[in-house]
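To start, the structure itself, in structure tokens.
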Amino acid sequence: MIDCMPSVYDAAYQGTRGANSEDAAIDLLSKEAQLFPRDTLEDVFAAVAQGEARYGVVPIENTLAGSIHRCYDLLFEHDVKIVGETVRRIVFALIAPPGVALSAVRKALSHPVALAQCEQFFRKHPLIQAVPVYDTAGAVEHVIREGRGDSAAVATRRAAEVYGGVILAESIQDHAENYTRFLLVTPSKSPEAAKAPAEDYKTTIVFSVGNVPGALYQSLRPFAERRIDLAKIESRPLRGSPFEYLFYLDLIGCADAKPVSDALHELSVQAKSVRVLGSYPLHRG
């Protein structure tokens, strides 16, 4: 029997089966969603842009490792909008092939962001070298397939279950309160879903300002004067313009509802550029 793969997947995500992004995709869509694992974040955005997947699920920030800078850049580079978010608690384990002892492990493979969340574990085990690879669950798949007696992977318990790995150490992240925020993106031209009350929404924008004193202050003033809650601000280099920056801003409220719409209009008058990346339901964990 030949498996019939869907012509358009429900969502693309970075990683393989058992990845945190796969779990986030299930949270944002459903267990029945047809998911499209891709190797890199660039591949996820490309799958959405080329119509291979209706949505992309991408990590944007982690409470220990900070912002996923490449994801911010890709949001700007592609004609997509954000339509959802979810937050997942991340608990990492050291996973090895059956029969491998912790004392024998010399290499631990995982995504660089995951490795950065487990620095204390590696300081306590200086003989274990952290080896960055493209995905947490993919690292488990690799070490199980290779079956080396000196290699393990850093990933979640579900990845161990998916690939038949053995957990050598649990909860090895630096802090118990380890969360990753994921975004659901889709082409900008996709139809808008019905919106809930404005206070239940978050809006993400990206803007640039002139390289003059007080420019950023003046850009934020319209929101402060209207008492709009700013949840996060992130700066990224503006490519092609040395020492100029793009500012990504998360604010509470819907872009087309007052007072946010008024603040955005005032910002657009004084900023060099303003783009709304999306208004989407606010995650309440």
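The values are calculated or read from the model by the stated rules, or taken from the named source; none is laboratory data. In this text the structure is predicted, and so the values were computed from the model without any measurement. Cβ sites come from the backbone with ideal geometry, for glycine too, and all protein chains shown count toward neighbours. Areas reflect the complete protein model, heavy atoms only, side chains present, ligands, DNA and RNA absent. Shrake-Rupley method; radii C 1.70, N 1.55, O 1.52, S 1.80 Å.
Restricting the search to the stretch 16-46, which residues are farther than 17 Å from Leu74 by Cα and not hydrophobic (A, V, I, L, M, F, W, C)? Within the stretch 16-46, Thr16, Arg17, Gly18, Asn20, Glu22, Asp23, Asp27, Ser30, Lys31, Glu32, Gln34, Pro37 meet the criteria.
When you look at Ala108, is it in contact with a helix residue (DSSP H, G or I) (Cβ under 7 Å, 6 or more places away or on another chain) and in a strand (DSSP E or B), yes or no?
On the way: in contact with a helix residue (DSSP H, G or I) (Cβ under 7 Å, 6 or more places away or on another chain): no; in a strand (DSSP E or B): yes.
No, not satisfied.
When we screen Ile144, Ile167, Ile172 for residues that are in a loop (DSSP other than H, G, I, E, B) and either open to solvent by 40 Å² or more (accessible area, probe 1.4 Å) or not basic (Lys, Arg) (or both), the only hit is Ile172. Of all residues in the stretch 114-143, none that is under 20 Å from Gly18 (Cβ atoms) and at pLDDT below 95 has its Cβ atom under 6 Å from the Cβ atom of a residue that is open to solvent by 70 Å² or more (accessible area, probe 1.4 Å) and of a type in the set (Val, Ile, Thr), 6 or more apart or on another chain. Which one is modelled with the lowest pLDDT, of the residues in the stretch 1-28 that are assigned to a loop (DSSP other than H, G, I, E, B) and open to solvent by less than 60 Å² (accessible area, probe 1.4 Å)? In this case the residue turns out to be Pro6. Among the residues of the stretch 190-224, just one is assigned to a loop (DSSP other than H, G, I, E, B), touching a residue at least 40 places away in the same chain (Cβ under 8 Å), closer than 25 Å to Ala46 by Cβ and not hydroxyl-bearing (Ser, Thr, Tyr), namely Ala193. Taking Arg54 as the residue in question, decide whether it is within 30 Å of Phe247 (Cα to Cα), touching a residue at least 12 places away in the same chain (Cβ under 8 Å), open to solvent by 50 Å² or more (accessible area, probe 1.4 Å) and in a helix (DSSP H, G or I). No: the conditions fail for Arg54.
Within the stretch 240-266, restricting attention to residues that are acidic (Asp, Glu) and in contact with a strand residue (DSSP E or B) (Cβ under 8 Å, 6 or more places away or on another chain), which residue is least open to solvent (accessible area, probe 1.4 Å)? Only one residue tops the list, namely Asp250. Any residue at all in the stretch 88-98 that is within 18 Å of Val166 (Cβ to Cβ), aliphatic (A, V, I, L, M) and open to solvent by 40 Å² or more (accessible area, probe 1.4 Å)? Looking through the stretch 88-98, at least one residue is within 18 Å of Val166 (Cβ to Cβ), aliphatic (A, V, I, L, M) and open to solvent by 40 Å² or more (accessible area, probe 1.4 Å).
Within the stretch 257-270, being modelled with pLDDT of 95 or more and part of a loop (DSSP other than H, G, I, E, B) holds for one residue alone: Pro259.
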